[in-house]
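Worksheet for the structure shown next.
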Amino acid sequence: MTSDRTPRLRLRGFTLVEVMVVMLIVVVMASVALPSYRQHGLRSGRLDGMQALMKVQAAQEQHRSAHGLYAGELTALQGTAPISMQGLYALTLQITGPEAYLARATPRGEQQRDNRCPELTLSVQQGFPTEGPSPECWSR
């Protein structure tokens, strides 16, 4: 005896509505995560500027012990350059008193999007540093 019933193949897959719901979830998650990711990248980029300014400070102290005063230009300091190691900051140096100077790290390229800390500064007076513009910029 033969059966007239033929097995039906049931196709399995996703409906258009299910695919659209998943895509919507992905877009919402990306829109929340992307700004946070960018902010983290800018914060980590600040480390390049901080490292460059600390290198200037160490070189200034060496120069002061050898010559009795701070250098007025970055070219007089060994191991320093006008651009930070990763190239994210441009460095400048300014003498602000007989035993004082101000070193600035100004962001370049993508790092210019860092609105919280548009510039990093290190003001040193008689060997005592003051980090600026705010402690938040120097927090690790």
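The values are calculated or read from the model by the stated rules, or taken from the named source; none is laboratory data. Since this is a predicted model, take the numbers as computed values, not measurements. Cβ: placed from backbone, ideal geometry, glycine included. Neighbour counts: every protein chain shown.
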Checklist entry - So which of ASP48, ASP114 ends up being at pLDDT below 95 and touching a Pro at 6+ places or on another chain (Cβ under 7 Å)? => result ASP114
Item to check | Members of the stretch 78-90 found to be over 19 Å from the mean Cα position of the chain (by Cα) and either surrounded by 19 or more Cβ atoms within 10 Å (Cβ to Cβ) or closer than 11 Å to ASP48 by Cα (or both), listed by number | outcome: THR80
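Is it fair to say SER44 is under 20 Å from the mean Cα position of the chain (by Cα), surrounded by 15 or more Cβ atoms within 10 Å (Cβ to Cβ) and hydroxyl-bearing (Ser, Thr, Tyr)? Break it down stepwise before answering.
On the way: under 20 Å from the mean Cα position of the chain (by Cα): yes; surrounded by 15 or more Cβ atoms within 10 Å (Cβ to Cβ): no; hydroxyl-bearing (Ser, Thr, Tyr): yes.
No: the conditions fail for SER44.
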Item to check | Per-region count, the stretch 75-123, residues out of contact with any Leu (no Cβ under 9 Å at 6 or more places or on another chain) and β-branched (Val, Ile, Thr) | outcome: 1
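Within the group LEU69, LEU74, LEU93, LEU122, which residue is surrounded by fewer than 16 Cβ atoms within 10 Å (Cβ to Cβ) and aliphatic (A, V, I, L, M)? Full working, then the answer.
Numbers: LEU74 fails: surrounded by fewer than 16 Cβ atoms within 10 Å (Cβ to Cβ); LEU93 fails: surrounded by fewer than 16 Cβ atoms within 10 Å (Cβ to Cβ); LEU122 fails: surrounded by fewer than 16 Cβ atoms within 10 Å (Cβ to Cβ).
So the residue among LEU69, LEU74, LEU93, LEU122 that is surrounded by fewer than 16 Cβ atoms within 10 Å (Cβ to Cβ) and aliphatic (A, V, I, L, M) is LEU69.
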Checklist outcome for this item: Of (1) in contact with a Phe, Trp or Tyr (Cβ under 9 Å, 6 or more places away or on another chain); (2) in a loop (DSSP other than H, G, I, E, B); (3) of a type in the set (S, T, N, Q), THR106 satisfies every one except (2)
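Can you tell me which of GLN60, GLN94, GLN111 is in contact with a helix residue (DSSP H, G or I) (Cβ under 9 Å, 6 or more places away or on another chain) and within 21 Å of TRP138 (Cβ to Cβ)?
On the way: GLN60 fails: in contact with a helix residue (DSSP H, G or I) (Cβ under 9 Å, 6 or more places away or on another chain); GLN94 fails: in contact with a helix residue (DSSP H, G or I) (Cβ under 9 Å, 6 or more places away or on another chain).
Of GLN60, GLN94, GLN111, the one residue that is in contact with a helix residue (DSSP H, G or I) (Cβ under 9 Å, 6 or more places away or on another chain) and within 21 Å of TRP138 (Cβ to Cβ) is GLN111.
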Next on the checklist: Just the residues that are assigned to a strand (DSSP E or B) and either of a type outside the set (S, T, N, Q) or surrounded by 13 or more Cβ atoms within 10 Å (Cβ to Cβ) (or both), please, taken from the stretch 125-140.
Outcome noted: GLN125, PHE128, PRO129, GLU131, GLY132
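Looking at the stretch 44-70, which of its residues are assigned to a loop (DSSP other than H, G, I, E, B) and touching a residue at least 24 places away in the same chain (Cβ under 8 Å)?
Our first condition is that a residue be assigned to a loop (DSSP other than H, G, I, E, B); within the stretch 44-70, this holds for 68-70.
Hits for the stretch 44-70 are LEU69, TYR70.
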Next on the checklist: Let me spell it out: the conditions are (1) surrounded by fewer than 15 Cβ atoms within 10 Å (Cβ to Cβ); (2) closer than 17 Å to ALA52 by Cα, and GLU110 meets all of them except one. Which number is the exception?
Outcome noted: (2)
